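Q: There's a structure below that I have some questions on.
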Amino acid sequence: MMYVTDIVSSAGSVLLVGVLLFAVSGVWPPLVAIESPSMDPHIKEGDLVFVMEEERFSGPGDHDGVVTAANDDSYRKFQRPGDVIVYEPDGNGRQTPIIHRAMLWVEEGENWYDRANENYIGSADNCEELTSCPADHAGFITKGDNNGRYDQVGSSPISEPVKPGWVVGTAEIRVPLLGQVRLQWNQAGATDPVTDKTGPAVTSETEATAVNATAAG
């Protein structure tokens, strides 16, 4: 009986912590495990990251609660300008979310080539050669800190410009290595990968992944 009581008590404590974190963050799940190193060295593979609804405590000059690196150089998260956001690539909720930095905001139809950092656009020499330029719709141009290109650049971009509705939340705090527990648990329990209709395997929607430099093109 004491053993059962201890189990119930532990489960209740975990549930209570989860409810409290959700109450603060407004996002479920409020914690995500990082699967790859594209945000190195500021957020590392295996970290656990606390995510908050983007409009709860937004910074100065934000777009729908997100401050971009281009908008305010003095506003920093994880040692660099701009918010780090968790978003659904192309708005597809069946794909593993991406956790990357919001670099700039573009309007629908905008030629944003001249505002882009030339180091992150590959070999494009003008808007016509730059993927997602002019922008098909308004949204955020994003990038992993450890990646050489914007997510929206290349022959196989990670995502179109990220619409505000695709944003899950902003990354607020990282706990080093604690996400390894979650990742190892998933690996141990993964017998049949979940696939969407486009083919690639996806992991649990309770996690966020940082796409590595190779995947970014």
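The values are calculated or read from the model by the stated rules, or taken from the named source; none is laboratory data. Just so it is clear, the structure is predicted and the values come from calculations on it, not from any experiment. Please note: Cβ atoms are built from the backbone with ideal geometry, for glycine as well, and neighbour counts cover all protein chains shown.
Q: Given the options ASP90, ASP72, name the one that is of a type in the set (Asp, Glu), more than 19 Å from VAL49 (Cα to Cα) and within 13 Å of the chain's Cα centre (by Cα).
A: ASP90
Q: Of the conditions (1) over 14 Å from the mean Cα position of the chain (by Cα); (2) at pLDDT 95 or above; (3) part of a loop (DSSP other than H, G, I, E, B), SER123 satisfies every one except a single condition; which number is it?
A: The one condition SER123 does not meet is (2).
Q: Listed residues ARG80, ARG115; which is modelled with pLDDT of 95 or more and out of contact with any Asp or Glu (no Cβ under 9 Å at 6 or more places or on another chain)?
A: Just one listed residue meets the conditions, ARG115.
Q: What's the number of the only condition in (1) farther than 17 Å from VAL27 by Cβ; (2) of a type in the set (S, T, N, Q); (3) crowded, with 17+ Cβ neighbours inside 10 Å; (4) at pLDDT below 95 that THR142 fails to meet?
A: (4)
Q: I need every pair where a residue in segment 81-109 that is over 13 Å from GLN152 (Cα atoms) has its Cβ under 7 Å from the Cβ of a residue that is at pLDDT 95 or above and of a type in the set (Asp, Glu), sequence separation at least 6 or different chains.
A: Listed pairs, sorted by first residue: GLN95/GLU88; PRO97/GLU88.
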